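Visitor: I have a structure I would like to understand better, so I am pasting it below and will then ask my questions one at a time.
The values are calculated or read from the model by the stated rules, or taken from the named source; none is laboratory data. Small disclaimer: the values here were computed from a predicted structure and weren't measured. When we count neighbours, we look across all protein chains shown, and the Cβ atoms used for this are built from the backbone with ideal geometry, even at glycine.
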Amino acid sequence: MQIRTKENTFTIRFSNGTEKSYIKGTRIREILDLMRPPNQETIVLALINKEPMDLGRKLYNDATLTWVREKTPEAFRAYQLTLSLVLIRAVEELYPHFKLLIDHSIGNGLYCEIRGRRGVSSLRVRKIKKRMDLIIGRGDSIDPVSLLLDPALKRLEKRGENHDFMAGNREKSHLVLHKCGSTTTYIGNALFPSTRFIKAYDLISWQDGMVLLFPGHDDLEQIPVFPNPGKLFSVFHEFGQWEKILGIHKASRINRAVQERTIADYIKISEGLHEKKIAQIADRILCKRKKHRVIMIAGPSSSGKTTFVKRLTIQLRVIGLSPIVISLDDYFIDRKLVPVDDKGNPDWESPASLDITRLNEDIVALISGKEVHLPRFDFKKGRSIKGRVVRLAKHQPVLIEGIHGLNDSITHSVPARKKLKIYVSALTQSNITDHVRIHTSDIRMLRRMIRDNQFRSNSPEDTITTWPLVRHGEDRYIFPLQEHADIIFNTALSYELSVLRSVAEPVLESIPMSSPAYTEALRLLTLLRYFLPVDTRYVPSNSILREFIGNSSFAY
């Protein structure tokens, strides 16, 4: 029995305020077994100094510890990534020569492909799922493997990963890989201690690959119906193919461009693609100007809708059109009348927060050639006030921008044939590695955090803690309608995270450990630090990114 001394022990402070000392090198699961908290079987991770960690990790230093149970945000993320590791293992065991790419989110799952192969047969997908069922059914263990950084990167290089994906974080001393069976790879997040915690999933053949389907946050035993989002997938695919042609589809490639000082060229090309796409949309509107008088533009928070509308307006004027732009935000009802959500908070995301009657009256009047006195919403006073007086010229379009632009019920007086619907979102296709993807919602949250911190006097903590409410509104009111769009415009920029790091990193670092936003801030910092920083001066003044980082040539 080892004698305890001050030098060979560390102290854990638990969430209930109690403290206890342990021998250095004790695993978190050993502490769990000794403590035996209520409902121990639901504990899947631990927060060590508010950072999610595997139960198999060893501890050496004084720390705070909070147990993480199923159905929490950290646990749900671990659920998805644990299932991803099971998929990686199943593919490697059945087809050792295949290289699995976990590409991007799609619907309620992840779209995956086999690199270098066009299509995965339904038979193979069924075999892979059967092997996953076997691994999950046995409850196989998943072990964290902490290695010094250079040996870890060499191990990953043997799997085909370029070590430059860590170029932005070379001061890191160790890297934690995960081992399940004979598969050891980098996932970039804490995982469940075994596969027995996976309760439900599905794997289906789709397009040229397969989709790994997850249960919902609230019911881990039920798989929602896959929405089959073909239009959204085509945009992801197009952007991904373009990135691969340029060679900037991974963090390692972007970092290399920064190191070789060619990133400025990639920025110009990325922005040029945006400009070309916007010009093509303007040409389509011109061709259908007599048919489509009302252009509805929608998208989730911080997708860049406002700058997109401004740039589209310029392109329309270049080809001789004179559009009028209306923001749905100006049709908010008075603050005191806004409906509340199930938690008693004002539900500004609901269509019921808009004066739909006046909106329809104004649109009908405009396309009839009448003069209209538009409203303007005063956010400080929380009520509608008088806005500008406008009249739409013959055969000219009205651009209506807002999160509910794809919802026909808010423009029920306008026949569907007279509307053209555009969906705008940041659908990033870049990945960190073949098995570590970038969440599109993380890009938008970082954009929003930077903008609100600089221009709206909202702290980064406020942005992070209220983001789940924003996402809830998007899941309810926006995402179910995205396939109704006639056009989808992708505002993602391949170089974006390198620029966002230079702006967001100090903001996130300012969040104290005592903040409820600290754990999420750590996760976002980890994401940003995969990328070498790029100075904002390289970003053009009319870029969509300028809407969030500042110094735009547009007024907002």
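Visitor: Say whether the condition of being within 22 Å of G107 (Cα to Cα), in contact with a Ser or Thr (Cβ under 7 Å, 6 or more places away or on another chain) and either aliphatic (A, V, I, L, M) or outside the structural domain of G402 (by TED's automatic domain parsing) (or both) is met by at least one residue in region 195-202.
Guide: Within region 195-202 (the criterion being within 22 Å of G107 (Cα to Cα), in contact with a Ser or Thr (Cβ under 7 Å, 6 or more places away or on another chain) and either aliphatic (A, V, I, L, M) or outside the structural domain of G402 (by TED's automatic domain parsing) (or both)), the answer is yes, since at least one residue qualifies.
Visitor: Oh, and also: Identify the residue in region 131-152 that is in contact (Cβ under 8 Å) with a residue 40 or more places away in the chain and among the β-branched types (V, I, T) and, among all such residues, is nearest to T185 (Cα to Cα).
Guide: In this case the residue turns out to be I142.
Visitor: Still on this structure, please answer the following. Considering every residue within region 45-64, establish whether at least one is over 21 Å from A190 (Cα atoms) and surrounded by fewer than 22 Cβ atoms within 10 Å (Cβ to Cβ).
Guide: No, there is no match, as no residue in region 45-64 is over 21 Å from A190 (Cα atoms) and surrounded by fewer than 22 Cβ atoms within 10 Å (Cβ to Cβ).
Visitor: Please go through region 102-142 and pick out each residue that is buried (at least 18 other Cβ atoms within 10 Å of the Cβ), outside any helix (DSSP H, G or I) and touching a Cys at 6+ places or on another chain (Cβ under 8 Å).
Guide: Of everything in region 102-142, those that are buried (at least 18 other Cβ atoms within 10 Å of the Cβ), outside any helix (DSSP H, G or I) and touching a Cys at 6+ places or on another chain (Cβ under 8 Å) turn out to be I102, D103, I142.
Visitor: Of all residues in region 172-183 being at pLDDT below 95 and over 19 Å from R256 (Cβ atoms), which is surrounded by the most Cβ atoms within 10 Å (Cβ to Cβ)? Full working, then the answer.
Guide: As a first pass, look at region 172-183 and keep what is at pLDDT below 95: 172-174.
Restricting the remaining residues to those that are over 19 Å from R256 (Cβ atoms) gives 173-174.
Numbers: S173: 8, H174: 10.
Here the answer is H174.
Visitor: On the basis of being free of Cβ contacts under 8 Å to residues at least 12 places away in the same chain, charged (D, E, K, R) and not assigned by TED's automatic domain parsing to the domain that holds L175, does E51 make the cut?
Guide: Spelling it out, it is not the case that E51 is free of Cβ contacts under 8 Å to residues at least 12 places away in the same chain, charged (D, E, K, R) and not assigned by TED's automatic domain parsing to the domain that holds L175.
Visitor: On to the next question. Can you tell me which residue within region 318-349, out of those that are modelled with pLDDT under 90 and under 18 Å from I400 (Cβ atoms), is surrounded by the fewest Cβ atoms within 10 Å (Cβ to Cβ)?
Guide: W348
Visitor: Moving on to the next point. For region 41-73, give me the residue count where each residue is over 23 Å from I135 (Cα atoms) and either modelled with pLDDT under 95 or basic (K, R) (or both).
Guide: Selection size over region 41-73: 4.
Visitor: Okay, moving on. Do we have any residue at all in region 106-120 that's farther than 24 Å from P227 by Cα and of a type in the set (A, V, I, L, M, F, W, C)?
Guide: Scanning region 106-120, I find no residue that is farther than 24 Å from P227 by Cα and of a type in the set (A, V, I, L, M, F, W, C), so the answer is no.
Visitor: I'm trying to understand the selection: among the residues of region 263-283, which are surrounded by fewer than 18 Cβ atoms within 10 Å (Cβ to Cβ) and farther than 17 Å from K310 by Cα?
Guide: If the condition is that a residue be surrounded by fewer than 18 Cβ atoms within 10 Å (Cβ to Cβ) and farther than 17 Å from K310 by Cα, then A264, D265, K268, I269 are the ones that fit.
Visitor: Another one. Got a number for residues in region 302-330 being in contact (Cβ under 8 Å) with a residue 60 or more places away in the chain and outside any loop (DSSP other than H, G, I, E, B)? First the steps, then the outcome.
Guide: Applying the first criterion (in contact (Cβ under 8 Å) with a residue 60 or more places away in the chain) to region 302-330 yields 302-313, 316, 321-329.
Checking the rest, the ones that are also outside any loop (DSSP other than H, G, I, E, B) come to 305-313, 316, 324-329.
Qualifying residue count, region 302-330: 16.
Visitor: Residue under question is D378, and the condition is that it be at pLDDT 95 or above and either among the charged types (D, E, K, R) or touching a Ser or Thr at 6+ places or on another chain (Cβ under 8 Å) (or both); does it hold?
Guide: No: the conditions fail for D378.
Visitor: So which residues in region 153-171 are without any contact (Cβ under 8 Å) to a residue 24 or more places away in the chain and over 27 Å from L94 (Cα atoms), if there are any at all?
Guide: R170, E171
Visitor: If you scan region 483-502, which residues turn out to be assigned to a helix (DSSP H, G or I) and surrounded by fewer than 21 Cβ atoms within 10 Å (Cβ to Cβ)? Show your work before the answer.
Guide: To start, the set of residues in region 483-502 that are assigned to a helix (DSSP H, G or I) comprises 483-484, 496-502.
Selection gives E483, H484, S502.
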